[in-house]
């Protein structure tokens, strides 16, 4: 049981640390270091996709572990709900918003729709950023929860 408990905290560390490192260090650094904003955006998108899949795997483990350890009582714990909400935010961003952003980027070369497309891209990018910020903040809450059985 101790190994499973340790894996729980490793999963939290990997997921939340990855969210913070990519979102608040790697992505801004790419845009600062690279002159080609399209390349920076493409690389950042790959890192965001990678941490989304890491998050799905970690959430799957965390939710399963908590359910197996605590049973239905897991549903009364903040830990369980924070993980579930973080996973839902990740799903919304990666499987909902990201395909819209990719579609809008593909439309930009067509001059007739360029201004409207850019405006839509800015709005959807804002939605993606908000989802990511909320997920990162909830990750902070998850890390700060007391270590008692949660």
* Structure fact -> Restricting attention to region 1-29, the residues that are surrounded by fewer than 19 Cβ atoms within 10 Å (Cβ to Cβ) and within 17 Å of residue 132 (Cβ to Cβ) number exactly 9
* Structure fact -> All-but-one check, residue 35 against (1) farther than 23 Å from residue 131 by Cα; (2) without any contact (Cβ under 8 Å) to a residue 40 or more places away in the chain; (3) assigned to a helix (DSSP H, G or I), failing number (3)
* Restricting the search to region 119-135, which residues are surrounded by 15 or more Cβ atoms within 10 Å (Cβ to Cβ) and closer than 30 Å to residue 13 by Cα? -> 124, 125, 127, 128, 131, 132, 134, 135
* Does residue 68 qualify as being assigned to a helix (DSSP H, G or I) and farther than 24 Å from residue 6 by Cα? -> no
* Asked: Among the listed residues 138, 91, 101, which satisfies the condition of being at pLDDT below 95 and surrounded by 13 or more Cβ atoms within 10 Å (Cβ to Cβ)?
  -> 101
* What are the residues in region 8-18 that are out of contact with any helix residue (DSSP H, G or I) (no Cβ under 7 Å at 6 or more places or on another chain) and either more than 17 Å from residue 89 (Cα to Cα) or not in a helix (DSSP H, G or I) (or both), if any? -> 9, 10, 13
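The values are calculated or read from the model by the stated rules, or taken from the named source; none is laboratory data. Because the structure is predicted, anything quoted here is derived from the model rather than measured. Reconstructed Cβ throughout: ideal geometry from the backbone, glycine too, with neighbour counts over all protein chains shown.
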